[in-house]
Amino acid sequence: MSEQRRVAIVGSGNWGSAIAAVIGGNLQKEQSKFYREVRMWTFEELINGRKLTDIINQDHENVKYLPGHKLPENVIAEPDILKATEDADLLVFVLPNQIFARSCEQLVGKVKSGAIALSLVKGLNYPEPGKIGLISDILREQLGVEVGVLMGANIANEVAAGSFCEATIAFKNVEHGRLFRDAIQTENFRVTVVNDVANAELSGALKNIVAFAAGLIDGLYGEKARATKAAVIRLGIMEMIDFAEKFFPGGSRDTFLESCGVADVITSSFGGHNRKCAEAFAKQPHKVSNLFLQNNQFFRDFYDNFV
């Protein structure tokens with residue numbers, strides 16, 4: 001591997017564009033370890049008659065997914081995933097869980113030898129009935145690369161705006177984690193490196209369940225139940241730890257005290273989408289249920305077969 005590493009970002013949604021802004025800004029300044037250019041795989045679509053990649057490359061703004069925040073000029077939107085990742089030494093994956101696996105399939109056998117990957121994807125993998133796996137396992141198995149994760153109490157718009165935030169990078173090889181940290185960390189985006197990949201990744205997946213429960217408390221009782229909400233959050237974190245120890249033993253409880261753990265749970269329980277959805281459901285269950293049934297085939301099938 002050459003002294004300078006090339007960074008590529010796979011994904012250009014809200015969070016993908018925010019992390020691209022952070023990395024791009026860093027690599028404009030730090031050119032001893034990294035190439036200046038950051039290629040970002042962007043799903044091509046038309047916005048008011050213009051290609052989204054053209055808008056990003058010419059206007060330096062992702063007007064659909066991160067409006068109001070400028071991207072550094074060294075962030076280059078590329079609609080071809082193979083071109084975007086060509087010769088990349090550090091691959092940053094920021095994709096929705098639903099399209100993650102099939103997007104990675106396009107890269108099988110195409111990734112540079114010796115490359116390492118960082119997943120910002122939150123969720124769990126179900127390789128077969130009755131089995132639970134990690135999203136990072138998909139990357140590791142399909143691409144044959146070492147994979148770490150970045151999780152934390154991060155809201156994309158706040159990160160892009162330069163607000164003070166924290167994150168946790170987890171790699172079994174902590175030197176690889178530190179290399180990614182060098183590409184990502186800024187004065188206002190602080191990164192801690194740990195070697196507990198499973199618990200860091202599980203925190204990012206399981207925190208939404210706790211946030212949903214917190215949202216139900218908000219919807220049912222509102223401000224008068226702050227102590228109840230706090231109790232639900234605390235008990236939820238303990239359940240997360242129990243889940244990790246049962247299904248992925250060998251990790252450290254201390255990981256849940258990092259940004260990827262308790263801080264992310266708190267952030268999601270007060271402002272995340274899952275909390276808001278649960279609050280709305282608790283206030284108007286029939287209205288929300290009907291909205292799901294009208295717009296989601298899965299829920300319609302579930303309702304027809306089981307309700």
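The values are calculated or read from the model by the stated rules, or taken from the named source; none is laboratory data. Please read all numbers here as calculations on a predicted model, not as lab measurements. Cβ atoms come from the backbone with ideal geometry, glycine included; neighbour counts cover every protein chain shown.
Residues in the stretch 154-184 that are crowded, with 20+ Cβ neighbours inside 10 Å and of a type in the set (S, T, N, Q): ASN154, THR168. Only residues that are closer than 15 Å to VAL7 by Cβ and touching a helix residue (DSSP H, G or I) at 6+ places or on another chain (Cβ under 9 Å) were counted in the stretch 146-188, giving 8. A single entry from ILE55, ILE9 fulfils the requirement of being modelled with pLDDT of 95 or more, buried (at least 24 other Cβ atoms within 10 Å of the Cβ) and out of contact with any Ser or Thr (no Cβ under 8 Å at 6 or more places or on another chain): ILE9. When the stretch 212-266 is filtered for residues that are outside any helix (DSSP H, G or I) and surrounded by 13 or more Cβ atoms within 10 Å (Cβ to Cβ), the ones remaining, listed by number, are PHE248, GLY251, SER252, GLU258.
Taken together, GLY144, GLY109, GLY123 contain a single residue that is without any contact (Cβ under 8 Å) to a residue 12 or more places away in the chain and within 26 Å of PRO79 (Cα to Cα), which is GLY109. Looking at the stretch 120-142 only, could you name the residues that are outside any helix (DSSP H, G or I), modelled with pLDDT of 90 or more and either charged (D, E, K, R) or in contact with a Cys (Cβ under 8 Å, 6 or more places away or on another chain) (or both)? Matches in the stretch 120-142: LYS122 only. Filtering the stretch 58-86 to residues that are assigned to a helix (DSSP H, G or I), free of Cβ contacts under 8 Å to residues at least 40 places away in the same chain and surrounded by 17 or more Cβ atoms within 10 Å (Cβ to Cβ) leaves nothing. The sole residue among ALA117, ALA101, ALA88 that is of a type in the set (Gly, Ala, Ser) and at pLDDT below 90 is ALA101. For the stretch 26-41, the set of residues classified as in contact (Cβ under 8 Å) with a residue 40 or more places away in the chain and crowded, with 19+ Cβ neighbours inside 10 Å consists of ASN26, LEU27, PHE34, ARG39, MET40, TRP41, listed by residue number. Considering the conditions (1) buried (at least 22 other Cβ atoms within 10 Å of the Cβ); (2) without any contact (Cβ under 8 Å) to a residue 40 or more places away in the chain; (3) of a type in the set (S, T, N, Q), SER17 is excluded by exactly one of them, (2). One residue stands out among those in the stretch 159-196 that are more than 16 Å from LEU90 (Cα to Cα) and in a helix (DSSP H, G or I): the one that is farthest from the chain's Cα centre (by Cα), which is ALA161.
Of all the residues in the stretch 143-158, those that are hydrophobic (A, V, I, L, M, F, W, C) and assigned to a strand (DSSP E or B) number 4.
Looking at the structure I just gave you, is VAL22 assigned to a strand (DSSP E or B) and in contact (Cβ under 8 Å) with a residue 40 or more places away in the chain? Answer is no for this residue. Filtered by the rule that a residue be closer than 26 Å to GLY271 by Cβ, touching a residue at least 40 places away in the same chain (Cβ under 8 Å) and not aromatic (Phe, Trp, Tyr), the stretch 166-190 gives GLU166, ALA167, THR168, ILE169, ALA170, ILE184, GLN185, THR186.
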